[in-house]
Amino acid sequence: EIYSLRVDCKVTSRFAHTVITSKVVNRANESREATFEVELPKTAFITNFSMSIDGKVYPGIIKEKASAQQEYDAAVSRGQSAGLVKITSRKLEQFQVSVNIAAGSKVTFELTYEELLKRQLGKFELLIKVQPKQLVKHFQIDVHIFEPQGIRFLETDSTFMTNELSEALTKVQSETKAHILFKPTVDQQKVKPELDETLLNGDFIVRYDVERGATAGDIQIVNGYFVHYFAPVEMPVFPKNVIFVIDRSGSMAGRKIEQTRDALLKILQDLRPEDHFSFITFNSKVVEWKSSLLQATAENVASATGFVKTLSASGGTDINQALLTAVGMLDKAEELPERSVSMIILLTDGQPTSGENNVEVIQESIQKAIKGKYALFCLGFGFDVSYKFLEKMSLSNGGIARRIYENADAALQLQGFYHEVATPILMKIEMQYPENAVEGLTKSNFKLFFEGSEIIVAGKISNELDLLPVEIKAQTHTSDLTLKEEANVKEKEQIFQNQSYIFGDFIERLWAYLTIQQLLEKSISAQEEDQKALEAEALKLSLQYSFVTPLTSMVVTKPVGHQQTEIANKPTEAG
């Protein structure tokens, strides 16, 4: 029986620190198994876990994956169980651990994880999965947000809220702080008064955005580490030249091609009149809808709508030829606006089976053809794709990969992705800091910036610095932009001095989190020898800051009489 379940979350300047504490008692008169099962965002890193049974604490210890695996293999050969973390859905992964407890005993499970909230479509989203599977006497979700820039708007959303339950929800908000408390009584948790069934099953979401001045972003400094947020507002939009490369091989038949059609019909309506677009569809043959890109006039969009409605699926998968055809079309396009952004969006649900089917050869041939001129976005539909291949190909060509889950909302996932890249407002962004005064700088040059997202750069500043000058250079649709700003180090440090609930070194941890994420991403498209160096650096930071990343594991030790050790690894989308 879970008698207490608490989710405590502190968000300081987009960096979220979440602690989930579950207290379980065995009221039976024999020993029983207690299970702790939590879903957490895939973007988060677990930093801590412990079990305390009758006052004795069993901590999780974070080690290099290889050495943890050896310990674990030794345990497994004695007949022990599988890892503790697995991907469960598009946004979540599940951590699960079980332990036997004696009659009348109590156990407290505590899991901590951290993540940097990413701005998408103009808002940050904090996702808390709620699934106690039983009524809980003391249940609460407690969220504190502190955003020095000011909170522009804040909303909560939930998939299980009823009128009764919403009475248990309180929100208090000032200019820079918000406190959200959700504390339903046992009666409020019940589906029906006479039933012991819980309503609490689903997502509890906090969405917000911050105030932004029309300056060179916002700089925050704590203990010698800085973070710089930049998300310009009210900029002219670049016209875009976009080629949709759509897989219509046999495996796309049925629901997938229907959902693709639905999404493309909506996307066509969202094109701006100054955009240019075209379609290439492929199975073992590659078919161009038109021989060149067309402007998104009402007439051309109507004609494309007719074409999309006829999309059907059969045959093999020639990814290489389809992409080369798209690159060729952009290369020879003549009527395109001078300052515009060109992109290729590939949607496929399988491995290459026709034409060139060696993924390494395809990656090389596409990178050679694109030569850094166009961004390639790869959407992998379902689980038969080689996600690793799509991820490497997009990251090598200035884009990103995304898995589209085969659910009822697949068309919405496709549209959602398109909306993220639909509004490019800056190109060739360079965030510049004084070289002699800043070290450990995270990525500071960006090819494209899309409205609704946010650029984040972090680093360490040398002790002597009083003023941190920054300069941002970028191209907008109409001009070249230079923005300058100076941050007063002492003043900036002051902002966080008196915040009692801030975890002190949060910008340093944010810097480590961001650096690890970027090193891992870079290693995906790096050559083998560079890959080893990038992974070694990411491993060092993962161990230093105790993050469970794809390079580390957490070894969980249990009381005698159990399998002694279990392992929590970080699953990746590429598996």
* Asked: From a point 7 Å beyond the Cα of His179 in the direction of its Cβ, which residues of the stretch 135-159 have a backbone N at a distance under 13 Å?
  -> 142-146
* Describe numerically, in nm with one decimal, the distance between label points set 7 Å from Cα along Cα→Cβ at Leu412 and at Glu364. => 4.4 nm
* Asked: What trypsin sites (Lys or Arg not before Pro) does the stretch 347-430 have in DSSP loop regions with at most 14 other beta carbons within 10 Å?
  -> Lys371, Lys373
* Which chymotrypsin sites (Phe, Trp or Tyr not before Pro) in the stretch 330-433 pass both tests, a DSSP loop state and at most 12 other beta-carbon atoms within 10 Å? -> Phe383
* **With at most 11 other Cβ atoms within 10 Å, longest stretch of the chain clear of loop GluC sites (Glu not before Pro) (DSSP)** => 31-166
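What does the helix-only formula give at 222 nm for the chain: each DSSP H stretch with n ≥ 4 adding -39500 (n - 2.57), the total divided by the residues, and the result rounded to the nearest 500 deg cm²/dmol? Kindly include the intermediate steps, with their values, before the conclusion.
Values: 12 runs with 141 residues, N = 575.
Roughly -7500 deg cm²/dmol at 222 nm, from the helical runs in the chain.
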* Solvent-accessible heavy-atom area per residue, rounded to whole Å², over the chain at 1.4 Å -> 44 Å²
* ³J(HN,Hα) across the stretch 526-535 via Karplus (A = 6.51, B = -1.76, C = 1.60, θ = phi - 60°), whole Hz, x for Gly/Pro? -> 8, 5, 4, 5, 5, 4, 4, 5, 5, 5
* Take Arg119, Arg14 and sort them by solvent-accessible surface of the protein heavy atoms, 1.4 Å probe, largest at the top. => Arg119, Arg14
* Asked: Counting only protein heavy atoms, what percent of the accessible surface of the stretch 303-440 is carbon or sulfur at a 1.4 Å probe?
  -> 47 percent
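Based on the Cα atoms of the chain, what semi-axes does the equivalent ellipsoid have, where each is the square root of 5 times one gyration tensor eigenvalue, given in whole Å with the largest first?
Values: eigenvalues 341, 184, 126 Å².
For the chain, the semi-axes come out at 41, 30, 25 Å.
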* Asked: Between Lys473 and Ile495, what is the label-to-label distance in nm when each label sits 7 Å out along the Cα-to-Cβ direction?
  -> 2.7 nm
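Under the classification rounded if a/c is under 1.5, otherwise prolate if a/b is larger than b/c and oblate if not, where does the stretch 92-245 fall, given a ≥ b ≥ c as square roots of the Cα gyration tensor eigenvalues? Show your work: numbers first, answer last.
Details: a/c = 2.02, a/b = 1.90, b/c = 1.07.
Prolate, since a/c reaches 1.5 and a/b exceeds b/c.
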* Take the stretch 240-422, drop everything but the C-alpha atoms, weight them equally and run the Debye formula without solvent; then report log10 I(q)/I(0) at 0.13, 0.16 Å⁻¹ to two decimals. => -0.58, -0.93
* Structure fact -> Whole-Hz Karplus couplings 3J(HN,Hα) for the stretch 31-46, θ = phi - 60° and coefficients 6.51, -1.76, 1.60, Gly and Pro as x, run 6, 9, 8, 9, 10, 10, 10, 9, 9, 10, x, 4, 6, 8, 10, 5
* Structure fact -> Other residues with Cβ under 9 Å from the Cβ of Glu454 give, with Lys and Arg +1 and Asp and Glu -1, a net charge of +3
* On the protein heavy atoms, probe 1.4 angstrom, tell me the percent of accessible surface of the stretch 45-165 carried by carbon and sulfur. => 46 percent
* Near Lys183, within a Cβ-to-Cβ distance under 14 Å, what is the net charge of the other residues, with Lys and Arg +1 and Asp and Glu -1? -> -2
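Accessible area of the stretch 474-545 with a 1.4 Å probe: how many percent of it is carbon plus sulfur? Please list the in-between numbers first.
Working: 1810 of 4000 Å².
The computed percentage sits at 45.
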* Of all DSSP beta bridges in the chain, antiparallel share, percent nearest 5 -> 80 percent
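If I take every Cα pair under 8 Å that is 6 or more residues apart in the chain, average their sequence separation and divide by the length, what percent do I get for the relative contact order?
Values: 1270 pairs, mean separation 99.8, N = 575.
This gives 17 percent for the chain.
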* At what distance in nm do the modelled label points of Lys447 and Tyr3 sit from each other, each positioned 7 Å from its Cα along Cα→Cβ? -> 5.8 nm
* Long-range HN-HN contacts of Asn48 with modeled amide H, under 5 Å -> Thr112
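The values are calculated or read from the model by the stated rules, or taken from the named source; none is laboratory data. Keep in mind it's a predicted model, so treat the numbers as computed, not measured. In this analysis, Cβ positions are derived from the backbone assuming ideal geometry, glycine residues included, and neighbour counts consider all displayed protein chains. Remember, those area values only see protein heavy atoms, side chains included, never the ligands or the DNA or RNA. Shrake-Rupley method; radii C 1.70, N 1.55, O 1.52, S 1.80 Å.
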